[in-house]
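First the structure, which I've put down as structure tokens, then a few questions once you've had a look.
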Amino acid sequence: MNNDLLAKPILTASDLHRYWQELMSPLGFTGRRLYFFFLDEERHALRTLHEVSEIPARPTTEGVEGLISALSLLDGDFGIAILLARPGSQPMDDDDRAWARGLAEAARSLGVPLEPMHLATDRYLVPFAGDDLIG
């Protein structure tokens, strides 16, 4: 693990993408899960990477609202970085986009700051684009 990279502040979307690449390398997942970490006021990632495992293929409104609400109680003042991970080598699909849209909508409605979300599969690690978040 590149500790120099992990010690730097995350100032841009590219910084965040490289950070996730470092944390998730090598790619490969046995189940669908969400990873997240919090940023502090200086845009450094707080050291703990959190995981929610065994999430369903499609999110429910209640599920994503509950998750974002819980995250905001933990430490949502400066930003939360979220990565959806799943097994397989298929590119981003409708289920992945549903997760990203649901999380983004819940965060927006609850006033929780989210960083650009990412998807990791066994082959790809990509950010969700603005078009992916439009239902």
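Is it true that Leu119 is within 13 Å of Leu34 (Cα to Cα) and in contact with an Asp or Glu (Cβ under 6 Å, 6 or more places away or on another chain)?
So Leu119 passes the test.
Further question on the same structure: Looking at region 30-53 only, could you name the residues that are modelled with pLDDT of 95 or more, surrounded by 13 or more Cβ atoms within 10 Å (Cβ to Cβ) and touching a Ser or Thr at 6+ places or on another chain (Cβ under 9 Å)?
Within region 30-53, Arg32, Arg33, Leu34 qualify.
If I filter region 97-115 for residues that are acidic (Asp, Glu), exposed (fewer than 13 other Cβ atoms within 10 Å of the Cβ), more than 19 Å from Met24 (Cβ to Cβ) and out of contact with any Lys or Arg (no Cβ under 8 Å at 6 or more places or on another chain), do I get at least one hit?
Checked region 97-115: no residue is acidic (Asp, Glu), exposed (fewer than 13 other Cβ atoms within 10 Å of the Cβ), more than 19 Å from Met24 (Cβ to Cβ) and out of contact with any Lys or Arg (no Cβ under 8 Å at 6 or more places or on another chain).
Would you mind stating whether Gly79 is touching a residue at least 40 places away in the same chain (Cβ under 8 Å) and either surrounded by 12 or more Cβ atoms within 10 Å (Cβ to Cβ) or closer than 18 Å to Val112 by Cβ (or both)?
So Gly79 fits the description; yes.
Another question, if that's okay. Collect the residues in region 21-54 that are in contact with a strand residue (DSSP E or B) (Cβ under 6 Å, 6 or more places away or on another chain) and free of Cβ contacts under 8 Å to residues at least 24 places away in the same chain, keeping them in residue-number order.
His50, Glu51, Val52, Ser53 - these are the residues of region 21-54 that are in contact with a strand residue (DSSP E or B) (Cβ under 6 Å, 6 or more places away or on another chain) and free of Cβ contacts under 8 Å to residues at least 24 places away in the same chain.
If a residue must be under 21 Å from Asp95 (Cβ atoms) and of a type outside the set (Ser, Thr, Tyr), how many such residues does region 25-55 contain?
12
Any idea which of Pro26, Pro9, Pro56 is in contact with a helix residue (DSSP H, G or I) (Cβ under 8 Å, 6 or more places away or on another chain), at pLDDT 90 or above, exposed (fewer than 12 other Cβ atoms within 10 Å of the Cβ) and outside any helix (DSSP H, G or I)?
Going through Pro26, Pro9, Pro56 in turn, just one is in contact with a helix residue (DSSP H, G or I) (Cβ under 8 Å, 6 or more places away or on another chain), at pLDDT 90 or above, exposed (fewer than 12 other Cβ atoms within 10 Å of the Cβ) and outside any helix (DSSP H, G or I): Pro56.
The values are calculated or read from the model by the stated rules, or taken from the named source; none is laboratory data. Every value quoted in this text rests on a predicted model; they were computed, and no experiment measured them. Glycine also receives a Cβ, built like all others from the backbone with ideal geometry; neighbour counts cover every protein chain displayed.
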